[in-house]
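J.: There's a structure below that I have some questions on.
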Amino acid sequence: MDIQKVKTILLMGNPNVGKSVVFSRLTGANVIASNYPGSTIEFTKGLMRIEGSKKELIDVPGTYSLEPTNTAEEVAVKMLDEGDLIINVIDSTNLERNLYLTLELLQRNTPVVVALNMWDEAKHNGITINPDELEKILGVPVVPIVALTGEGIKTLLSRLKETHTPTDVSQSDAEKWIHIGEIIKKVQTIEHRHHTIWEKISDATVKPTTGLPIGLGVILLTFSFIRFIGEGLIGYVIEPLFDMYTPVVMEISRAIGPGILHDIIIGRLIDGNIDYVESMGLLTTGFFVPFGMVLPYILAFYFGLSILEDTGYLPRLSVLADTIFHKFGLHGCGIVSVFLSLGCNVPGALSTRILETRKQRFISATLLAISIPCMAQIAMIFGILGSYGMEYVLMVFIALIATYVLSGLLLNRYIAGESPELFLDIPPYRRPYGKALLKKTWMRVRIFLTEAIPFVFLGVLFINILYAVGIIDTLGTFFSPVISGIWGLPKEAAAALLIGFLRKDMAIGMLLPLGMNPFQLVIAATVLTIYFPCVATFAVLVRELGIQDLLKSVLLMIAAALIVGGVMRLILLGF
């Protein structure tokens, strides 16, 4: 075919076949991640160069067939009409399963080239595939590649111009599977071999007796890594930068002079100096919270999450969690929403779409809104309680875990609907590709920055205005029966509860100037996590759940906040 006429190339394949690594090999740094119109399914596109001309490459959501069974597969089928050429990425270690999609693609009127990825792993597993024979049978170019190392990528590019529109041979499902069986007999042989050390590790990480303690260890190690990297960035990068920034802010403070404008722009001076946590100005607290306290931990979290995804451990964790999550009306994939929510509740809420039924999506979304603090909020919890001792931080997380478990058990019992079983392919362990890790981390961090910073600035401005006109005092008095009577907090905490609807991390930071004891801070931090998600997550939940289910979820959040805060007061303030 004339490759110069090609404008858009689609990268298609089953889930977990290494498409993201192939995509990273073929594209440069200018990559865009966005949702497909009319859905919340994300896809990635970038530019690649072939024979001196640029082509758009789209990483289509993974699909097992062109007969969609979920939203992601529906999007994949719709995107077929947008491509001039298809690169079908196949997992060489699982040729039989992958060929079904290949045969379906060959029935389309779009040129196809097949990339046999993980060629090295197939050899290690004793699998031998004859690519020339497979090419002869399929009638399209077949290229063995190892995307992780780049082996075969150059050959793949050179053979794109050999593609042509396949001969349309319609087959029923049964005929396709018969054809696949015949192909496998002709092109693939498997030799007996002993398990490698990696295969033994793979077995150990999915067996409950060994997998659960390993999973707990991996989670603890991941969060230790996040804390180490986050604190390191703060100590060696962020603090020196803000030390240089402080004289600039002080100069602006002197230029503005006392008054309401100073309170909004700079905030309050603490003993004549800037306090980036307590000053509450746009250029002080509004700037410091997202960049100085939160961003370092967000960077570390998303990098750690990308490692878990790309090594192949996250699907294993889903299998391990399956039995536990079924008790909450979910299945093992529910842990994906939990992990994503620990970075930011917005992608966590969006990921509930991977669950099949309305009951599962409602329970998952409600539980994450009630009990899962985002990494920004976690950073602030460490910030306000860490100086008193880690036992106080632990109290918050024990309360949230207990709330998640008890709420999940109750919702599973009283919410009508089905909770189907988990069907999940477990990919082999792989060495992550550094460039792909960095791209994935940056795309997620960019989403956080574009959503967080406007709300932080808006929140600081909003609260300062409310303070200036006396509304905060009025609200504190109105809600004091709950804030002081049930939770045992000062009525001034009403300001933090208000700002919590905009930014939870910002709200927790506002607790420091109130002079509360550590037990009160524990209760306040827990209640702030439970009572409402931030407005960005709230907006996503409106789309995901609909108004009726969202109202039910909100009532559950309010009830949980009242009950958990009251119980914690009886337990903690009793001491």
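J.: Given the options 272, 259, 304, name the one that is out of contact with any Cys (no Cβ under 9 Å at 6 or more places or on another chain) and under 16 Å from residue 465 (Cα atoms).
T.: Values: 272 fails: under 16 Å from residue 465 (Cα atoms); 304 fails: under 16 Å from residue 465 (Cα atoms).
The conditions single out 259.
J.: Counting only residues that are aliphatic (A, V, I, L, M), modelled with pLDDT under 85 and touching a Leu at 6+ places or on another chain (Cβ under 8 Å), how many does the range 293-304 have? Show your work before the answer.
T.: Step one: of the range 293-304, the residues aliphatic (A, V, I, L, M) are 293-295, 298-300.
With modelled with pLDDT under 85 added as a condition, the list becomes 293-295, 298.
Right, trim to touching a Leu at 6+ places or on another chain (Cβ under 8 Å) and you get 295.
Total meeting the criteria: 1.
J.: Further question: Mind telling me which of the residues 440, 435 ends up being at pLDDT 75 or above, assigned to a helix (DSSP H, G or I) and open to solvent by 50 Å² or more (accessible area, probe 1.4 Å)? Write out each step before concluding.
T.: Values: 440 fails: open to solvent by 50 Å² or more (accessible area, probe 1.4 Å).
Being at pLDDT 75 or above, assigned to a helix (DSSP H, G or I) and open to solvent by 50 Å² or more (accessible area, probe 1.4 Å) holds for just one of 440, 435, which is 435.
J.: For the range 55-81, give me the residue count where each residue is open to solvent by less than 60 Å² (accessible area, probe 1.4 Å), touching a Pro at 6+ places or on another chain (Cβ under 6 Å) and more than 24 Å from residue 24 (Cβ to Cβ).
T.: Looking only at that region, the number is 1.
J.: What residue, of 116, 85, 105, is under 32 Å from the mean Cα position of the chain (by Cα) and farther than 18 Å from residue 8 by Cβ?
T.: Working: 85 fails: farther than 18 Å from residue 8 by Cβ; 105 fails: farther than 18 Å from residue 8 by Cβ.
Residue meeting the stated conditions: 116.
J.: Looking at (1) open to solvent by less than 30 Å² (accessible area, probe 1.4 Å); (2) outside any helix (DSSP H, G or I); (3) within 26 Å of residue 381 (Cα to Cα), which one does residue 275 not meet, given that it meets all the others?
T.: Unmet condition: (1).
J.: Name the residue that is farthest from residue 539 (Cα to Cα), counting only residues in the range 351-368 that are modelled with pLDDT of 90 or more and small (Gly, Ala, Ser). Let's see the steps before the verdict.
T.: The initial filter retains those residues of the range 351-368 that are modelled with pLDDT of 90 or more, namely 359-368.
Then drop every residue that is not small (Gly, Ala, Ser), which leaves 364-365.
Numbers: 364: 16, 365: 12 Å.
Selected residue: 364.
J.: Based on this model, can you work out whether residue 454 counts as modelled with pLDDT under 90 and under 29 Å from residue 379 (Cβ atoms)?
T.: Numbers: modelled with pLDDT under 90: yes; under 29 Å from residue 379 (Cβ atoms): yes.
Answer is yes for this residue.
J.: Can you name the residue in the range 296-312 that is open to solvent by less than 10 Å² (accessible area, probe 1.4 Å) and assigned to a helix (DSSP H, G or I) and, of all such residues, is nearest to residue 415 (Cα to Cα)? First the steps, then the outcome.
T.: To start, the set of residues in the range 296-312 that are open to solvent by less than 10 Å² (accessible area, probe 1.4 Å) comprises 296, 298, 300-302, 304-306, 312.
From what is left, the residues that are assigned to a helix (DSSP H, G or I) are 296, 298, 300-302, 304-306.
On the way: 296: 39, 298: 34, 300: 37, 301: 33, 302: 33, 304: 34, 305: 31, 306: 34 Å.
Ranking the candidates gives 305 first.
J.: Among the numbered criteria (1) without any contact (Cβ under 8 Å) to a residue 24 or more places away in the chain; (2) open to solvent by 10 Å² or more (accessible area, probe 1.4 Å), which single criterion is violated by residue 266?
T.: With respect to (1) without any contact (Cβ under 8 Å) to a residue 24 or more places away in the chain; (2) open to solvent by 10 Å² or more (accessible area, probe 1.4 Å), residue 266 is out only on (2).
J.: Could I ask something else about it? State which residue is least open to solvent (accessible area, probe 1.4 Å) when the search covers only the range 283-292 and only residues that are under 19 Å from residue 504 (Cβ atoms) and at pLDDT 80 or above. Quick ask: steps written out before the conclusion?
T.: Residues of the range 283-292 under 19 Å from residue 504 (Cβ atoms): 285-292.
Filter once more, keeping what is at pLDDT 80 or above: 287-288, 291-292.
Working: 287: 68, 288: 35, 291: 59, 292: 1 Å².
Among them, the one singled out is 292.
J.: Output yes when any residue across the range 194-212 is surrounded by 15 or more Cβ atoms within 10 Å (Cβ to Cβ), assigned to a loop (DSSP other than H, G, I, E, B) and either touching a His at 6+ places or on another chain (Cβ under 8 Å) or of a type in the set (A, V, I, L, M) (or both), and no when none is.
T.: yes
The values are calculated or read from the model by the stated rules, or taken from the named source; none is laboratory data. Fair warning: this is a prediction, and the values are worked out from it, not measured in the lab. Positions of Cβ are generated from backbone atoms using ideal geometry, with glycine treated the same way; all protein chains shown enter the neighbour counts. Quick note on the areas: whole protein, heavy atoms, side chains included, nothing else; ligands and nucleic acids left out. Shrake-Rupley method; radii C 1.70, N 1.55, O 1.52, S 1.80 Å.
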